[in-house]
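The values are calculated or read from the model by the stated rules, or taken from the named source; none is laboratory data. Remember, it's a predicted structure, so these values are computed and weren't measured experimentally. Cβ atoms come from the backbone with ideal geometry, glycine included; neighbour counts cover every protein chain shown.
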Amino acid sequence: MIKFLYLISFILILNIPSIENVDRQNFKTCDQSSFCRRQRKYKPDTTPYEVDLNSMKTIDKGHLQFILLNTLKSNIKFQLDLYTLEHNSLRVKINEINPLRKRYEVEYVLVGEPKLVDVTFKKTDNNQVEGRFGETAKFLLNAKPFRLDLFTNDIFVISVNSKNMFNFEHYRKKSGSDGAETENNTEDNEDGMWEETFKSHHDSKPYGPSSIGVDINFLNFENVYGIPEHADAFSLRSTHDTDPYRLYNLDIFEYDIKNPMALYGAVPYMLAHNEHATVGFFWLNAAEGWIDVLNDKLNTKNNWFSRQNIFSTITNFFGTKSNNDNNEVPEVTTHWMFETGIFDGFFFMGPTPNDIFKQYKAITGSTPLPPLWAIAYHQCRWNYNDEDDVRSVNNGFEQHQIPLDVIWLDIEHTNGKRYFTWDTSKFSDPEKLQDDLAIYGRKMVTITDPHIKKDDGYHIYAEAKSHGYFVKTKDGADYEGWCWPGSSMWLDYFNPDIYKWYSQRYTYDNYKGSTPNLFIWNDMNEPSVFNGPEVTFPKDIVHYGDWENRDVHNLYGMLQHMASFKGLVERSNGHIRPFILTRSFFAGSQRTAAVWTGDNAAHWSHLKIAVPMLLSLSVTGIGFIGADVGGFFNNPDPQLLVRWYQAAAFQPFYREHAHIDTARREPWLFGDDNTRLIRQAIEQRYTYLPYWYTLFYKQEKQGIPPMLPLWVNFPHDKNTFKTEDLFMVGNGLLVYPVTEADTNQVAIYFPGENTVWYDIRTFTQHNGLQTALINVDMESIPVYQRGGVIIPQRLRKRRASMLAIHDPITLVVALDRNHEAEGELYMDDGQSYDYRQKQQFIHRRFTFKNNELQSISLDSTGKFETDAWIERVVILGYPKNPNRIIINSGDKQAIPLHSYQEATQTLVIRRPGPSVTANWTLTLS
Amino acid sequence: MMFLFYVNLATILCFFTSISNGNIQQTVLRGVQTSLLSMYIPSKPFTCLDGSLTIPFEFVNDDYCDCQDGSDEPGTSACPNGQFFCENKGYFGTLIPSHFVGDGVCDCCDGSDEYETIIVCNNTCFELAQKFQASRDAQRALHAAGVEKKKQILASTTTNKFGRQFSQKHLDELEQDLKILEKELKEKEELKRQVEILENAAKEKHKKLCEEKRTMQDVSLRNNQMHEMFADLDTNGDSLISIDELQKHTELDTNQQNEFTIEEVRSILGSDSVNLNEFNTTIFDQISNSYRQLPEPTRPTPEPTPLPEPSIDSMTTQSPSLETFIDEEDLTTHTRSSYKYEDEDDYEEDHHRESKTLATSIEHEKHIHDSVAPEYDDETKKLMEIAEEARNRYHEIGEKFLSIKHQIEDLKKQSTVDAGPHDEYSPIIDQCFDYEEREYTYRICMFKTAKQISKGGGSEVIIGYWDSWCGPKDNKYLKMKYSNGATCWNGPPRSLIVTLQCGIEQKLTDVREPSRCEYTIIFETPLACDENIATTSLHSDHVEF
């Protein structure tokens, strides 16, 4: 019980009074964040910013440079750089020329220097430069007033500063101080510019105001998405009567849903989609940010457009829409505000959803193929108390025949929250424990949080302290705060030496008790500081390179998990793929970590909100994601728990997790019926693992996340643009998680013209563009396979995924209206980098056309030895019982047996038999 | 997804995968339970054991799942719901799930489940059999020894006259006693009431006398003071008090800021001078409190004793009373209340009220005593003695009554406790056992309470009151549940599950907290030892392997 008292004392320190909801008093509103207050009210009638076209320089092919002026402050000059990039993308940078203090440009995010492509540009008149680049993209840079318009396929899609909200606060000296600017602007001394206090926390703001605001307007779009992390709708809601969406990595205790408050991670990337185009805007900035979203109608008759020469462009485009006489087009106006840094905007011009994924991947990278076991089922709890406990949980899964791949250990496994150590009274032989789990093909994950207990007897602390590895206060002392272990300090990963040193903590020598079967979880890395302002670092603490936390805040968590990833790669000499789970993240986190939605709660509403939260992460590149099954806080009733298991079986990261105050909730604790239902859900996850694994491979290669909003596959179906109760897994499965109690019937919208959907359990068919009422019971997970898609499955059961990698495959061929289908299968050893280094993989394509099912190699460079064979082919929507089926592979031929069920038009071919690695053709006649 | 296949045996050409070589019989019948071998006849079509489908025998163990119940693939992993029989020669034959077959994990001790994988399984059946034998022997020995001990315990329990076997008789006796006591208590109460009437009347009379006397004393005291003050003020001895005589007494100036003016003095006197009579009626009471240089009164007014500053001493002398309070609270709310019988309240309440009124009246008398020093006359003293005696007798009987009452309750509770199928746990009813852990001592008083006692000297926390037996359906008496303990912060009420285990010594071991504030512990006791296990016949050994 001591530990609980200990927790209580923290809670008391935090003064968190309520157990039900977040205490919003602990977190700033826009009005309490002085730069947001200033920027949000900045709405001049005309913009004072102008581009000096005469200053135009061609730095490189694809790189134009201009001078941008604030006409109200003529001595302040800005440099405007336009870079036309490969994949239909444009980068725009705006920075101060010779600022008083160098402004922070974000590191660690870009995968490399983006590749430039040639731009064809011309001055259309004295006030405008037009540039064409990529396959379909065009920009128009308007000099006076400063405005940038973007087109894809000559369709006007994005306009920058058309609402005059571009506002760049240059660094300045405090008036009254020596050599201060003579401009006597009262605005320079507005409250909060030079220091501010929130609750009892004082921010010294030694460099004064430095924020940037800009309006980015999406023309003819009604829906924008992304800018995670918020517990809110997928199609972003208008913020006209709320705070703006906030991007500031914070540990929000018991977060509320349906609001724009900041959460654990941030990706300043927004997408817009309509039936014609998908576009994106990414502002590479790691400071605190706020984004207003306003859904508007743009009146093309009476606004500035009509005064501009480009009006014809709009009318041309909108003219294609018949009877649009009122001259109103929808527009989403967004207002972006960051506290510091530079403007570094990437515009992705699509035009298709898959183009967008490729374009964003080219800039920030994609999630590399995880180990197979990492996409299987994980069992976690704060805490599995000791070795016996872990073994009994493992035995429980054995005894109840529930597949399991990973058991997790939360903070209590350590010696007093000293990470990289073990509480030896509970875990006397962790290596043996991991070895014993490994017999079952199972792994273990332990937690390593970024706070380092202040204790000279703790080797990590002592070494870091002696080297000066901790983050510093503005006065140069080691910053000290409170977290789980009590008084703690934080490593400054921004220093390359520290980053490297930290990654080396993961070697088997340094991390005693770790084995090759141990992987890592980085929590509390926003970072969470119990006694800090808004439960995190003060903004004026100092990182390597003399940057304030204000400049780099949202990168901190990512740097930790990047260093952890590097550590795990290197401990295996680059041979084994790591697995890292992180709570905090930033753009680029996808390259090294899986992300979960943090400390949710056991409420139906939290089960429901998981879908939009995960979709928002997915479309912004973070694809390996999940929410705690059952809800972290509180106790789910059995029905909620079962439904959560069912929903998460079709979400990328599948982990049950629970708070220390909750009752035990291992799958077998809720009676035989519920045990069976949970077992079924987990088994179903395992049957689809070959498909999931193929999707994750696709994500690595193409940046397409495995969990998708409907509009990615049905970009022209307007009914799907706001959908967040349904989602797709790849292009083949439509999933409707039941997220309400005592549900007997659900209304499911089946998207897609001429599309047929097959219930994966009953093979019942549903037509696209229709909403159907579907009866459900507790057994039901409404999931549908799309006609036209072939999905590989493993219908055999195993206790862990790694024990199944050579098991045979069943192909489920769902025919479309033309009796055609296609699909892919990717396979490798499930854990090593041999697929990259030695091309040890297979990547097959299956096509069904003209009564022939064919398997060919998609990538002939790959070779992978496996006993896996095709044990069954199921063809859905096959119109009649075929007379004869022949399979040919090389010079071999066989006539497999089959059965046919007329009622559901289902044909099952028994033991076709070829190896999954072979080319073959199966002919029906 | 089970369909009837269109079977044309002539066209079965499956050359892509081959059934592994070896003894055909062994391969074909691999994984079949001995008892079901008769269902698998290679010369006949095979009917799934659930009767759902009949298939050619070639489909049995051909690594493809045809039967819904998985019965056609006893020897492969093809059916997700099938079962594989490990022969395990030298040990027990066991059934394992089909998906354990060929998964690289050695599940059968003879390794027969991993016939196709590259891993090598050592045959551990012999070792297992030895281990099993050893552990069974040990169990048998333990239970045998434990059963002996159990018999002793039970025997010694039966000789105890307070044991449960005699409890009914004892209970009857006690209830008889209680009835007598109750009657006696009522008599004593009546007696007490009667003598208290006399006592009160006498006291009342005495009180009245005292008061009259005191009033008279007060009047004469005032009169003396008034005369003295008048004489003191009348400095010129003209039997009148004049303005200038009074003006000397500046302490009488209510407005201390300025001088004691003639006007102010006159407003006190009401005229330029007053005689003794006027002084007595209008002036004396006005000034007597402020007046100084008053000669010593005949009866000195006591100096007001200054209030003592709150000191460390006084704080510490207070704290034990606080603790006493907590202890009492603990005792009454946690221990007593659970045993409290409703009809007992009467006495307890009376008792409580009685002592309270007594206390106040004593206080009052004391006060009177202090100020007037009353002496009771002999008659009253006598009456009071008689009344005191009656009260003491009443309380004496009351205590006895309560004590018997509690004994009866405990006995009743004991007799309602389910102490096992053969009442074998009756010897430990109300017995307490301790388990020492790093931070806490866990104390379980069987069928009563479980407590967690902080070793650091903190408080005791109740982690549960006896609730029920909660073992599995077929073995209810395996586990005891203590529930509804003190509620955890942000959590449930504490509770404890005690698992009973055969052991020679009675002791608690292995306390755990699998969920927050839900504890488990093991209780080893000979009372849990099983004669059946102790006497398992040796000849069954051969049959089982």
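Couple of notes before you dig in:
Yes or no, residue by residue, for (1) away from every other protein chain (no Cβ under 12 Å); (2) of a type in the set (D, E, K, R); (3) farther than 19 Å from B:Thr525 by Cα:
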| site | (1), (2), (3) |
| --- | --- |
| B:Gln431 | yes, no, no |
| B:Phe447 | yes, no, no |
| B:Ile453 | no, no, yes |
| B:Glu460 | yes, yes, yes |
| B:Ser468 | yes, no, no |
| B:Ser495 | no, no, yes |
| B:Thr509 | yes, no, no |
| B:Pro514 | no, no, yes |
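- Of residues in region A:578-614 being surrounded by fewer than 23 Cβ atoms within 10 Å (Cβ to Cβ) and basic (Lys, Arg), the one farthest from A:Leu640 (Cα to Cα): A:Arg591
- The helices (runs of 4 or more DSSP H) falling completely within region A:642-720 that include 3 or more residues that are of a type in the set (Val, Ile, Thr) and either in contact with a strand residue (DSSP E or B) (Cβ under 7 Å, 6 or more places away or on another chain) or more than 14 Å from chain B (Cβ to nearest Cβ) (or both) map to A:671-687.
- Subset tally (residues that are more than 12 Å from chain A (Cβ to nearest Cβ) and among the hydroxyl-bearing types (Ser, Thr, Tyr)) for region B:516-527: 1
- For A:Pro260, the criteria (1) in a loop (DSSP other than H, G, I, E, B); (2) in contact with a helix residue (DSSP H, G or I) (Cβ under 7 Å, 6 or more places away or on another chain); (3) more than 26 Å from A:Pro751 (Cα to Cα) hold in every case but one, which is (2).
- Looking at region A:452-559, the strands (runs of 3 or more DSSP E) lying wholly inside it that each contain 1 or more residues that are small (Gly, Ala, Ser) sit at A:481-483, A:486-490.
Conditions (1) more than 30 Å from the chain's Cα centre (by Cα); (2) over 21 Å from A:Leu555 (Cα atoms); (3) free of Cβ contacts under 8 Å to residues at least 40 places away in the same chain, marked per residue:
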{"residue": "A:Lys472", "(1), (2), (3)": "yes, no, no"}
{"residue": "A:Ala477", "(1), (2), (3)": "yes, yes, yes"}
{"residue": "A:Ser503", "(1), (2), (3)": "no, no, no"}
{"residue": "A:Asp509", "(1), (2), (3)": "yes, yes, yes"}
{"residue": "A:Thr515", "(1), (2), (3)": "no, yes, no"}
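- Qualifying residues in region B:351-398 (those that are among the polar types (S, T, N, Q) and under 38 Å from the mean Cα position of the chain (by Cα)) - the one modelled with the highest pLDDT: B:Asn392
- A:Val908 within 24 Å of B:Glu58 (Cα to Cα), within 14 Å of chain B (Cβ to nearest Cβ) and under 36 Å from the mean Cα position of the chain (by Cα): no
- Selection within region A:320-352 - modelled with pLDDT of 95 or more, among the hydroxyl-bearing types (Ser, Thr, Tyr) and either surrounded by fewer than 24 Cβ atoms within 10 Å (Cβ to Cβ) or in contact with a Ser or Thr (Cβ under 7 Å, 6 or more places away or on another chain) (or both): A:Thr333, A:Thr340, A:Thr352
- In region A:865-882, the qualifying residues are those that are surrounded by fewer than 16 Cβ atoms within 10 Å (Cβ to Cβ) and at the interface with chain B (Cβ under 10 Å from one of its Cβ atoms), and the one that is modelled with the lowest pLDDT is A:Asp867.
- Of note, A:Asp355 does not satisfy the criterion of being touching a Ser or Thr at 6+ places or on another chain (Cβ under 8 Å) and not in a helix (DSSP H, G or I).
- Unique match (being of a type in the set (Val, Ile, Thr), out of contact with any Cys (no Cβ under 7 Å at 6 or more places or on another chain) and closer than 24 Å to B:Thr525 by Cβ) among B:Thr157, B:Thr117, B:Thr76: B:Thr157
- Of A:Gln25, A:Gln39, A:Gln65, all but one fail to be under 28 Å from A:Ile291 (Cβ atoms), of a type outside the set (Asp, Glu) and at pLDDT below 95; the exception is A:Gln25.
- The number of residues in region A:721-765 being touching a Ser or Thr at 6+ places or on another chain (Cβ under 6 Å) and assigned to a loop (DSSP other than H, G, I, E, B) comes to 3.
- Residues of region A:380-398 classified as assigned to a loop (DSSP other than H, G, I, E, B) and in contact (Cβ under 8 Å) with a residue 60 or more places away in the chain, total: 4
- Taking the criterion of being among the aromatic types (Phe, Trp, Tyr) and buried (at least 22 other Cβ atoms within 10 Å of the Cβ), the only residue of region A:733-749 that qualifies is A:Tyr736.
- Flag if A:Ser801 is more than 10 Å from every other protein chain (Cβ to nearest Cβ) and surrounded by 24 or more Cβ atoms within 10 Å (Cβ to Cβ): yes
- Among the residues of region A:423-451, those identified as more than 14 Å from chain B (Cβ to nearest Cβ) and either hydroxyl-bearing (Ser, Thr, Tyr) or not in a helix (DSSP H, G or I) (or both) are A:Phe427, A:Ser428, A:Asp429, A:Lys443, A:Met444, A:Val445, A:Thr446, A:Ile447, A:Thr448, A:Asp449, A:Pro450, A:His451.
- Those residues of region B:470-480 which are more than 17 Å from B:Thr525 (Cα to Cα) and hydrophobic (A, V, I, L, M, F, W, C), in sequence order: B:Cys470
- Qualifying positions in region A:536-590 - out of contact with any strand residue (DSSP E or B) (no Cβ under 7 Å at 6 or more places or on another chain) and hydrophobic (A, V, I, L, M, F, W, C): A:Phe537, A:Trp547, A:Leu555, A:Met558, A:Leu559, A:Met562, A:Ala563, A:Val569, A:Phe586
- Residues satisfying the stated conditions in region B:470-493, i.e. in a helix (DSSP H, G or I) and away from chain A (no Cβ under 14 Å): B:Asp474, B:Asn475, B:Lys476, B:Tyr477, B:Leu478
- The set of residues in region A:857-877 that are of a type outside the set (A, V, I, L, M, F, W, C) and within 13 Å of A:Leu811 (Cβ to Cβ) comprises A:Glu871, A:Arg872.
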